[in-house]
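**Student:** Supplied in structure tokens, the structure appears directly below.
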Amino acid sequence: MFRVECSVSDEIVDEQLTGKYRVTATMMIDDIPKQSIDDSNIFFEEQEDNPELLSIKMAEIEVIAEYNGKERISLYTDRIIVDLNWHQLRTDMCVKETVTFTNIGSCPVRVSWMPSTDNAGAAVGVAPESFEVVDRTKISVQVEPLRPGSQLRETLRFLAQNRDGSTGETVLYVRGAVEQVPRVSVRPAIAPLGNVCAGTLKSYHVEFEVTSDGSFHVQRRLYAFDTTAGAGFSLHGDAKSYGPYGNGSTTQMQQMTTLNFKTPVDTEATGISCQLVEWSFAGSKTVHTQSMTYATLPDVRLNVNTITIAQSLYRGIPHSHKGIRLLNNTHCDFVYSWGNPMGSDADKIDCVFKPSSGTVNGDADVEFEFTVTPKKSGYLNKCHIPFFVQCNALAPQQINVECWIYEFSTTVTYVNEWDTEYSIIWQDKPEDQEPTKWRFGEWPRRDTPLCAPLVQQIEQDLDHYHPVMAFKDIECNTGTNINNNYIKYSLETIYFMTVFLK
């Protein structure tokens, strides 16, 4: 299967030699050895580069074609005017419209956009800039306004050419109106914030009055003064956008909008900090504000570093300690929190601070109550409790705890109604020993009797002592069981009784 393509020469086209043309196409087979041809009727030609090889004619085809002259370009667009008035045009935006080219001719047309330098009111682009139209082709027209408040009147020219060399020009018109530049007033332009605490969140309010003829966006960029590199101001963080603000209606004229933004201040490092803020309104109006601060390390500390408990503590009996205060000598508020005990002696006590967390206001202090419950006996001096403050959370303060912890023991001596004197000894045992038992035995008689009111007072006090003094059913070393009723009844005849702590 073969395909035959026909075309006309430049001479025929230039002189417009129209009519029918006949062309004969001959099929040849090359590289046939000469000695293999013995039929003299076969048409052949010797090859110039190799006389021993022949080219043999296999067939002839007559081609008849008609040339009717140059074909006119028939190219149209779906619209002549690209109207952008329905867009709210601003200098910070780019508008894209689609245009369709239609070819009603019989052959493809090559189209190229011819940019113009006369379009000073907008940056205009076409994608693609060169294309072929066989039937229909869509292109994009991009318009970016450059001058606020201007009227767009742009012209786009396209050169079209077909295979016959015929050329033509297609023109598109772009029109629209660009919004005016917003009028902006700001206060304060410079914000001297004075002394602030390093590492704290600090901000100030900036108020704007914006007069515009449509809706708009606001973009903020923070710049910090780089003193080490000597490069002036450098961008600090990412840009932040706000909006839209104002009335988006295109029929409304000038309108005023009041905006109030909370602007952060960089207080990461100590010393003088100068920060520049760039505000962009509708991409066409830029306003700058500035803040100056002096950041110092905050003076927030505990009034003590060590809690030394002079009196003896006993295992299982809570002890409260007061007088621990957090002093805040700054004008800032800080959040605080107590951590868990640490150190090799941390397992010897249970402790809690009240309050355990909260906020200390500026130029104020907080007092804590420290409650410790010993768990193991011995000398405790390798236990510290971390204290976290917002201004320096990575380097917490700490309080060391020092105290002596003893086992608890009690001896009760009394005389029964038969004038026999007894003593009850209770002594707490470490957790790794057997449970505590009461030891019941005689005690040397005292000569000084107790008066009745003192006996009653002792009886009342016994009800308020540690639970080990409740005199529940106990086991004595004599094998005698004494219950609560018997003890209370015998108290009426007690002549002498002593309760003391070792």
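**Student:** Give the range 318-360 a look and list any residue that's open to solvent by 40 Å² or more (accessible area, probe 1.4 Å) and under 33 Å from the mean Cα position of the chain (by Cα), or say none.
**Tutor:** Asn329, His331, Asp333, Val335, Ser337, Asn340, Pro355, Ser356, Ser357, Thr359
**Student:** Still on this structure: Select from the range 1-36 the residues that are farther than 22 Å from Asn68 by Cα and open to solvent by 80 Å² or more (accessible area, probe 1.4 Å) and write down the one among them that is modelled with the lowest pLDDT.
**Tutor:** Among those residues, the one meeting the criterion is Gln35.
The rows are residues; the columns are (1) open to solvent by less than 70 Å² (accessible area, probe 1.4 Å); (2) among the aromatic types (Phe, Trp, Tyr); (3) over 27 Å from Thr263 (Cα atoms).
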site: Arg163; (1), (2), (3): no, no, yes
site: Ser166; (1), (2), (3): yes, no, yes
site: Thr170; (1), (2), (3): yes, no, yes
site: Arg175; (1), (2), (3): no, no, yes
site: Arg183; (1), (2), (3): no, no, no
site: Val186; (1), (2), (3): yes, no, no
site: Val206; (1), (2), (3): yes, no, no
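**Student:** Looking only at the range 61-88, count how many residues are at pLDDT 75 or above and over 30 Å from Asp14 (Cβ atoms).
**Tutor:** 11
**Student:** Output the residue which, of all residues in the range 391-406 that are modelled with pLDDT of 80 or more and either surrounded by fewer than 15 Cβ atoms within 10 Å (Cβ to Cβ) or polar (S, T, N, Q) (or both), is farthest from the chain's Cα centre (by Cα).
**Tutor:** Of everything passing the filter in the range 391-406, Asn400 is farthest from the chain's Cα centre (by Cα).
**Student:** Let me ask something additional. Inspect all residues belonging to the range 81-99 and state whether any of them is of a type outside the set (D, E, K, R) and closer than 30 Å to Cys6 by Cβ.
**Tutor:** No, the range 81-99 contains no residue that is of a type outside the set (D, E, K, R) and closer than 30 Å to Cys6 by Cβ.
**Student:** Restricting to the range 90-120, count the residues that are open to solvent by less than 40 Å² (accessible area, probe 1.4 Å), over 44 Å from the mean Cα position of the chain (by Cα) and either closer than 23 Å to Gln151 by Cβ or among the aromatic types (Phe, Trp, Tyr) (or both).
**Tutor:** The qualifying residues number 2.
**Student:** Of everything in the range 68-89, what is β-branched (Val, Ile, Thr), open to solvent by 40 Å² or more (accessible area, probe 1.4 Å) and over 48 Å from the mean Cα position of the chain (by Cα)? Give them in sequence order.
**Tutor:** Scanning the range 68-89 gives Ile73, Ile80.
The values are calculated or read from the model by the stated rules, or taken from the named source; none is laboratory data. Quick caveat, the model's predicted, so the values are computed rather than measured. As a convention, Cβ positions derive from the backbone with ideal geometry for all residues, glycine included, and neighbour counts pool all protein chains shown. Quick note on the areas: whole protein, heavy atoms, side chains included, nothing else; ligands and nucleic acids left out. Shrake-Rupley method; radii C 1.70, N 1.55, O 1.52, S 1.80 Å.
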